């Protein structure tokens, strides 16, 4: 390594200019855009000094990576004053740099220029002229403070970070991860179908449909960022009912995409829909299997057009229909249309709901999803009060629909016994979460409803379930 006195530097520069003036062409390095036309971008970076690198004259290999480009630690860089490493002047020459450094902001080990940005979860932070960061203040779907508050409390369940939700705002979670529109009064006022228990009939304390009907209860599909729980939960319940009542001769996984794309009357596809409209379509038009018409996914773009319907059918008489289009999936040829009988509404008696579930299979329910639900990782979920002291924008809720496959109860370490409704083996939700005031629970993303706290269901709540009849 060498150090160059200022007088010798001027002589070297003059000699360099005379030599270059005699040359006819310019090399690629000479034609490269300048790195410092607007000043030194990485004023705090250690380049030449970090590698103890300084070179005489022109040495094209006397170079280092620099913010996606290349900077040099030789005298030729100083002649062009365009591609020197930021610390070349003070480290190699012992003089101040010819350009004042552009002020910036520090985050971690990096220095960002003015107007540089980085993402902190769901919020974008921008470097301001004063050298300070200015960050958005959107509530995020994954909230570390809420996770810690829930886990410190005695709420009967554990909270954690789901990576699929990282970077999403709470508003985006409510808009894109749920998707059931509250039923109209004509639906909530439907006559209830009552299931009569026999004299002395005692229901078990726990039940799971997949144990009674093995291989006929289907797992959940991933709705991604599609606000289409209305279609996913309806297709899920209908799939299980068709399998059960055909004694397994038909065991299709029915297509939510068929509903999302083709059931368009008063429905909004991946922007939300109504359960009664979905059941009407299943009865009158029918849908194909998910293998035939797979889910196409959805981006978070409300302005984009909905995917067009790719499955059509014609009436064959006596209410039956036949497909008139090939499967959208080129690998599947079976385009059978599956239809169901009219949906009906159960009463709010938990025993009647249990008996219906035991005798006929899974049912569909509504759930009011709150901001803390997206953090659920285990235990028996119920809405917590941890956000009550925060601004209103941190307290959001939306309506979701879900498939219920069973029930049970669990004793907590403190001795409390909680009843729950369940929809699989991954999630338990306290019973009081389901009600016609539209507290309900859907099959969300890849997470399958497992248990819902049973105290959420009572005659006072008047839970509304829509089912397929026998």
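The values are calculated or read from the model by the stated rules, or taken from the named source; none is laboratory data. None of these values were measured; they are calculated from a predicted model. As a convention, Cβ positions derive from the backbone with ideal geometry for all residues, glycine included, and neighbour counts pool all protein chains shown.
Within region 319-349, how many residues turn out to be closer than 13 Å to residue 284 by Cβ and without any contact (Cβ under 8 Å) to a residue 40 or more places away in the chain? Residues that pass the stated criteria total 3. Among the residues making up region 369-386, those that are buried (at least 21 other Cβ atoms within 10 Å of the Cβ), more than 18 Å from the chain's Cα centre (by Cα) and more than 9 Å from residue 157 (Cβ to Cβ) are 383, 386. Of everything in region 159-196 that is at pLDDT below 80 and in a loop (DSSP other than H, G, I, E, B), the residue that is surrounded by the fewest Cβ atoms within 10 Å (Cβ to Cβ) is 191.
Residue 417 meets the conditions (1) farther than 30 Å from residue 173 by Cα; (2) touching a strand residue (DSSP E or B) at 6+ places or on another chain (Cβ under 9 Å); (3) at pLDDT 90 or above in every case but one. The failed one is (3). Could you please let me know if residue 200 is modelled with pLDDT under 95, out of contact with any helix residue (DSSP H, G or I) (no Cβ under 9 Å at 6 or more places or on another chain) and surrounded by 18 or more Cβ atoms within 10 Å (Cβ to Cβ)? It is false that residue 200 is modelled with pLDDT under 95, out of contact with any helix residue (DSSP H, G or I) (no Cβ under 9 Å at 6 or more places or on another chain) and surrounded by 18 or more Cβ atoms within 10 Å (Cβ to Cβ).
Number of residues in region 350-375 that are outside any helix (DSSP H, G or I) and out of contact with any strand residue (DSSP E or B) (no Cβ under 6 Å at 6 or more places or on another chain) equals 1. Count of region 270-297 residues, restricted to those that are under 30 Å from residue 185 (Cβ atoms), in a loop (DSSP other than H, G, I, E, B) and within 21 Å of the chain's Cα centre (by Cα), is 2. The residue that is surrounded by the fewest Cβ atoms within 10 Å (Cβ to Cβ), counting only those in region 390-414 that are modelled with pLDDT of 90 or more and more than 24 Å from the chain's Cα centre (by Cα), is 408. Of all the residues in region 66-96, those that are out of contact with any strand residue (DSSP E or B) (no Cβ under 8 Å at 6 or more places or on another chain) and not in a helix (DSSP H, G or I) number 9. Just for region 116-134: of the residues that are assigned to a strand (DSSP E or B) and within 22 Å of the chain's Cα centre (by Cα), which one is nearest to residue 391 (Cα to Cα)? By that ranking, first place goes to 123.
Is one or more of the residues making up region 322-330 outside any loop (DSSP other than H, G, I, E, B), at pLDDT 90 or above, touching a strand residue (DSSP E or B) at 6+ places or on another chain (Cβ under 6 Å) and surrounded by fewer than 17 Cβ atoms within 10 Å (Cβ to Cβ)? Please lay out each step first, then the result.
Start the filter on region 322-330 by keeping residues that are outside any loop (DSSP other than H, G, I, E, B), which leaves 322-323.
Next, from what is left, pick out any that are at pLDDT 90 or above: 322-323.
Checking which are touching a strand residue (DSSP E or B) at 6+ places or on another chain (Cβ under 6 Å) leaves us with 322-323.
From the residues that got through so far, the ones that are surrounded by fewer than 17 Cβ atoms within 10 Å (Cβ to Cβ) too are 322.
Yes, there is a match, as at least one residue in region 322-330 is outside any loop (DSSP other than H, G, I, E, B), at pLDDT 90 or above, touching a strand residue (DSSP E or B) at 6+ places or on another chain (Cβ under 6 Å) and surrounded by fewer than 17 Cβ atoms within 10 Å (Cβ to Cβ).
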